[in-house]
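The values are calculated or read from the model by the stated rules, or taken from the named source; none is laboratory data. Quantities reported herein were computed from a predicted structural model and do not represent experimental measurements. Positions of Cβ are generated from backbone atoms using ideal geometry, with glycine treated the same way; all protein chains shown enter the neighbour counts. Areas reflect the complete protein model, heavy atoms only, side chains present, ligands, DNA and RNA absent. Shrake-Rupley method; radii C 1.70, N 1.55, O 1.52, S 1.80 Å.
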Amino acid sequence: MISKSLHEKMIAWRRDLHAHPETAFEEHRTSDVVARALQDMGMEVTRGLATTGLVGTLRNGDGPSLGLRADMDALNMQELGTCDHASTYEGKMHACGHDGHTAMLLGAAQYLSEHKPFRGTIHFIFQPAEENEGGGKYMVQDGLFTRFPCDAVFGLHNAPQMRFGTFSIREGAMLSASDFFEIVVSGNGAHAAHPHTGVDTIVAASSVVGALQGIVSRNLDPLDSLVISVTQIRGGDTWNVLPQETVIRGTCRSFTDKARALAKSRITEVCEGVAITSGARITLNYREGYPATTNAPEPTRQAIRAAQSLVGEENVDTNCKQRMGSEDFAFMQQACPGAYIILGTARGENDPPVHNPYYDFNDDALPLGAAYWIRLAEQFCPL
């Protein structure tokens, strides 16, 4: 399906983007590259959604309307790999494969614009700021699905720890919701030799951390899933001073609205209770991040059918384990029925994972990813 020349073109796009990584809402060069490529294919291109997002629209008569989405942003981290196309920007790196996602969707757009093996409308959605900043949410708020109505929307992510040429998907919640909390414990600083003269924020913060661990084990149905992780504790500047303030930060991951609400409620109650028993002042800032990535039934069936037609039933896990990672594609799924699938891209047994400074997208996977998009278009918008 994908010719050698188109594969080479996708590699060129991908490596150019990898060498010039741009982070959330700063994907100006990336957006320019994508827009120029789509315009060269003869598409209508609309720019400026969520600042740097864009949509390329391809029409071929009357029929269903399909949305295909790729994320474009990189991460704020230093690349340590030594490939010829390594990042040329200090402290920025395509460490999650969004360069590959963009190149695969561009490759599919090229093929579909040339061959038009479908009837209807395809919207190629290139989204900024997937990494923690919610670009998908802002594209929806900017009218993505009112300006570009879709009967269904589809997303894809690479997995370098999953066997090359395999797919994973499940109906319902597939990736977790992700929320974040900051707890500020304030007291009265004192000399460490005289703790009775102050309110020890370190001890109070330790009580909070310990109590948080009991939420999952003692408040949640054992058949449900919830992760509460404290990732930062910051307090104190020297050996012999009880600090005036200690800050706790962390994240919650869940798959159901019930578990998500429980986490927020119980964290609030823990903070209130420790404040009473310790005498410290404790404030909680709880920020809801991405909702759970939840695959709708019919789009999931379409995604499975497309994947199986390419790699066979034995290479598509149709009831994969839920993953505690999160994706702002979930905001698009809240606005339009959709399905999200994982593509295995492993070169070997010990490939660097995503978000690793030595990670690099496997260019051999580009034709398969593009073929998946093409097959979806062919079966969702049949001639």
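Against the numbered list (1) in a strand (DSSP E or B); (2) of a type outside the set (S, T, N, Q); (3) touching a Phe, Trp or Tyr at 6+ places or on another chain (Cβ under 7 Å), V140 comes up short only at (1).
Hey, could you check region 200-229 for residues that are among the polar types (S, T, N, Q) and surrounded by 14 or more Cβ atoms within 10 Å (Cβ to Cβ) and say which is farthest from the chain's Cα centre (by Cα)?
Just the residues of region 200-229 that are among the polar types (S, T, N, Q), to begin with: 201, 206-207, 213, 217, 219, 225, 229.
After this cut, where a residue has to be surrounded by 14 or more Cβ atoms within 10 Å (Cβ to Cβ) as well, the list is 201, 206-207, 219, 225.
Details: T201: 35, S206: 31, S207: 33, N219: 28, S225: 19 Å.
Result: T201.
Within region 266-291, the set of residues being open to solvent by 20 Å² or more (accessible area, probe 1.4 Å) and either within 22 Å of the chain's Cα centre (by Cα) or among the charged types (D, E, K, R) (or both) comprises R266, E269, E272, R281, Y286, R287, E288.
The set of residues in region 364-378 that are out of contact with any His (no Cβ under 8 Å at 6 or more places or on another chain) and over 12 Å from A159 (Cα atoms) comprises D364, L368, A370, A371, Y372, W373, I374, R375, L376, A377, E378. A count restricted to region 247-275 and to residues that are more than 22 Å from A173 (Cα to Cα), of a type in the set (D, E, K, R) and not in a helix (DSSP H, G or I) stands at 1. If you filter region 108-136 down to residues that are assigned to a helix (DSSP H, G or I) and in contact with a strand residue (DSSP E or B) (Cβ under 8 Å, 6 or more places away or on another chain), you find that the one that is surrounded by the most Cβ atoms within 10 Å (Cβ to Cβ) is G136.
For region 80-90, the criterion of being farther than 20 Å from Y340 by Cβ, open to solvent by 40 Å² or more (accessible area, probe 1.4 Å) and either among the small types (G, A, S) or touching a strand residue (DSSP E or B) at 6+ places or on another chain (Cβ under 7 Å) (or both) is satisfied by no residue at all.
Listed conditions (1) farther than 25 Å from I125 by Cβ; (2) in contact with a Ser or Thr (Cβ under 6 Å, 6 or more places away or on another chain); (3) aliphatic (A, V, I, L, M) are all met by A330, apart from (1). P352 meets each of the listed conditions (1) touching a Gly at 6+ places or on another chain (Cβ under 9 Å); (2) within 27 Å of A259 (Cα to Cα) apart from (2).
Sort out which residues of region 303-337 are within 21 Å of F380 (Cα to Cα), of a type in the set (S, T, N, Q) and surrounded by fewer than 19 Cβ atoms within 10 Å (Cβ to Cβ), and write them in order of number. Across region 303-337, the qualifying residues are Q308, S309, T318, Q334.
With the structure loaded, tell me whether Y340 is open to solvent by less than 20 Å² (accessible area, probe 1.4 Å) and more than 19 Å from M10 (Cα to Cα) or whether it fails that test. Spelling it out, Y340 is indeed open to solvent by less than 20 Å² (accessible area, probe 1.4 Å) and more than 19 Å from M10 (Cα to Cα). Among residues of region 108-122 that are closer than 15 Å to A371 by Cβ, those with a beta-carbon under 7 Å from a residue that is modelled with pLDDT of 95 or more and among the aromatic types (F, W, Y) at least six positions away or on a different chain give the pairs A108/W373; A109/F124; L112/F118. For region 233-246, the tally of residues that are assigned to a strand (DSSP E or B), within 19 Å of H194 (Cβ to Cβ) and either without any contact (Cβ under 8 Å) to a residue 24 or more places away in the chain or of a type outside the set (D, E, K, R) (or both) stands at 4.
Please state which one of A306, A346, A330 is part of a helix (DSSP H, G or I), more than 20 Å from G136 (Cβ to Cβ) and of a type outside the set (D, E). Before you say what the answer is, go through the steps one by one.
Working: A346 fails: part of a helix (DSSP H, G or I); A330 fails: more than 20 Å from G136 (Cβ to Cβ).
Step by step, each of A306, A346, A330 is checked, and only A306 is part of a helix (DSSP H, G or I), more than 20 Å from G136 (Cβ to Cβ) and of a type outside the set (D, E).
If you take the residues in region 3-26 that are assigned to a helix (DSSP H, G or I) and acidic (D, E), which one is farthest from the chain's Cα centre (by Cα)? Among them, the one singled out is E8. Filtered by the rule that a residue be small (G, A, S) and under 22 Å from the mean Cα position of the chain (by Cα), region 80-95 gives S87, G91, A95. Here L49 fulfils each of the conditions (1) more than 16 Å from G107 (Cα to Cα); (2) in contact with a Ser or Thr (Cβ under 9 Å, 6 or more places away or on another chain); (3) buried (at least 16 other Cβ atoms within 10 Å of the Cβ) apart from (2). Taken together, the residues in region 238-265 that are more than 30 Å from H191 (Cβ to Cβ), touching a helix residue (DSSP H, G or I) at 6+ places or on another chain (Cβ under 8 Å) and crowded, with 21+ Cβ neighbours inside 10 Å amount to 3.
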